[in-house]
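To start, the structure itself, in structure tokens.
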């Protein structure tokens, strides 16, 4: 029984038998996961925009020919252009996946000290006013 290739949302064929891989946008090497450090150049995407670009530069977004072409472009010093809507979606997914630093700051700078102060007052209040 012959298998038909899987189709992406853009109706482009994707090889069913291949493992998903990602393209390092710094050196053009192939890596297993988009957000991992590259084994060839040791760089990892750190900024949210870079992480979104690396997520979009994975094999599930390209045909095999497009992936090879993108790899060659990067190896020759070029840069890939990404669809602004796709970038916004990827950045939104990354943002939703990580807690916002403002909430952490709120909890550790305001709430936690306030709770500790109330606990201290409840424990030592009887001893302070007993004299």
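Values quoted throughout were computed directly from the atomic coordinates according to the rules given, and no laboratory measurement underlies them. These numbers come from a predicted model, not from an experiment. FYI the Cβ positions are ideal-geometry reconstructions off the backbone, even for glycines, and counts take in every protein chain you see.
7 Å from Cα along Cα→Cβ at both residue 42 and residue 107: what's the point-to-point distance in nm?
Each label point is offset 7 Å from its Cα along the Cβ direction, giving 3.4 nm.
Using the Cα gyration tensor of the range 40-87, with a ≥ b ≥ c the square roots of its eigenvalues, what is the shape: rounded (a/c below 1.5), prolate (a/b larger than b/c) or oblate (neither)?
Working: a/c = 1.64, a/b = 1.11, b/c = 1.48.
It is oblate, given that a/c is not under 1.5 and a/b is not larger than b/c.
Can you sort 55, 23, 73 by how many other beta carbons sit within 10 Å, fewest first?
On the way: 55 23, 23 27, 73 14.
Fewest to most other Cβ atoms nearby, the residues stand as 73, 55, 23.
Using a 7 Å offset from Cα along Cα-Cβ at residue 27, what residues in the range 48-79 end up with backbone N under 13 Å from the label point?
Under 13 Å, as judged by backbone N against the label point of residue 27, lie 75 of the range 48-79.
Just rank 81, 91, fewest to most, by other beta-carbon atoms within 10 angstrom. Let's see the in-between values first.
Numbers: 81 7, 91 16.
Neighbour counts put them in this order, fewest first: 81, 91.
Please rank 42, 69, fewest neighbouring Cβ atoms within 10 Å first, as an exposure proxy. Provide the component values of the computation, followed by the final result.
Numbers: 42 10, 69 13.
Exposure proxy ranking, most exposed first: 42, 69.
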